[in-house]
Amino acid sequence: MAEALGIDIRYISIVENTDVEWRDGCLGCPEPGEKCAQVITPGKKLVLKSLYQDSNNKCWQYEYHTARLVNSLALNDHCAQYRICEMKEVGCSQCPANGDFNGDGKVNEFDYGILIAHFGEEGVPGEITGDANCDGVVDEFDYGIFFAHFGEGE
Ligand SMILES: [Ca+2]
Ligand SMILES: [Ca+2]
């Protein structure tokens, strides 16, 4: 997914990852007018959320159907192996992707203090403080994001 979207894998969290048997060769997700082979196809349903804001300041959740029991959408898993079945807009606001943890529009030492105070904490993505990339843990990646934006809005 990261390659497909041209964004950093660190901004993506897995919402759902379940083994499924699709009832047809189209992975339960036919294109309009497509004829699907009537074969049971084992695969996975992967729902991934990107809280990285795109150029329109929108964030997206994607539902992938895969044809193999793979956990990653690596570059060598070409389109025959997975389909994007649904994409819907989600709120971007849970995780401050620029490191502005207190939401005052500036990325400065106060945000650093918040990051340090919560460093190492784990929890539900979007519900913990200091988690800039929304992966459910406050760690060095979040520090890197904060550092990259330090001084903005001052
Ligand atoms: Ca701030
Ligand atoms: Ca994080």
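The values are calculated or read from the model by the stated rules, or taken from the named source; none is laboratory data. All values reported here derive from a predicted model rather than from experimental measurement. Every residue, glycine as well, gets a Cβ built from its backbone with ideal geometry; the counts of neighbours run over all protein chains shown.
The residue that is surrounded by the most Cβ atoms within 10 Å (Cβ to Cβ), among those in the range 131-154 that are among the β-branched types (V, I, T) and either more than 16 Å from ligand 1 (Cβ to nearest atom) or in contact (Cβ under 8 Å) with a residue 24 or more places away in the chain (or both), is I145. Take the conditions (1) away from ligand 1 (no atom under 12 Å from the Cβ); (2) surrounded by fewer than 13 Cβ atoms within 10 Å (Cβ to Cβ); (3) farther than 20 Å from K49 by Cβ; V124 misses just one of them, which is (3). Filter the range 1-33 down to the residues that are modelled with pLDDT of 90 or more and among the acidic types (D, E), then identify the one that is farthest from the chain's Cα centre (by Cα). Going through the qualifying residues, I end up with D24. Please go through the range 87-118 and pick out each residue that is under 17 Å from A148 (Cα atoms) and within 12 Å of ligand 2 (Cβ to nearest atom). C95, P96, A97, G99, F101, L115 - these are the residues of the range 87-118 that are under 17 Å from A148 (Cα atoms) and within 12 Å of ligand 2 (Cβ to nearest atom).
Any residue at all in the range 94-113 that's more than 14 Å from ligand 1 (Cβ to nearest atom), over 30 Å from C36 (Cα atoms), assigned to a helix (DSSP H, G or I) and under 17 Å from the mean Cα position of the chain (by Cα)? Looking through the range 94-113, none of the residues is more than 14 Å from ligand 1 (Cβ to nearest atom), over 30 Å from C36 (Cα atoms), assigned to a helix (DSSP H, G or I) and under 17 Å from the mean Cα position of the chain (by Cα).
Does the range 80-100 include one or more residues that are over 30 Å from Y64 (Cβ atoms), surrounded by 12 or more Cβ atoms within 10 Å (Cβ to Cβ) and out of contact with any Cys (no Cβ under 6 Å at 6 or more places or on another chain)? Yes, the range 80-100 contains at least one residue that is over 30 Å from Y64 (Cβ atoms), surrounded by 12 or more Cβ atoms within 10 Å (Cβ to Cβ) and out of contact with any Cys (no Cβ under 6 Å at 6 or more places or on another chain).
Residues of the range 44-52 include none that is away from ligand 1 (no atom under 16 Å from the Cβ), touching a strand residue (DSSP E or B) at 6+ places or on another chain (Cβ under 9 Å), at pLDDT below 85 and over 14 Å from S13 (Cα atoms).
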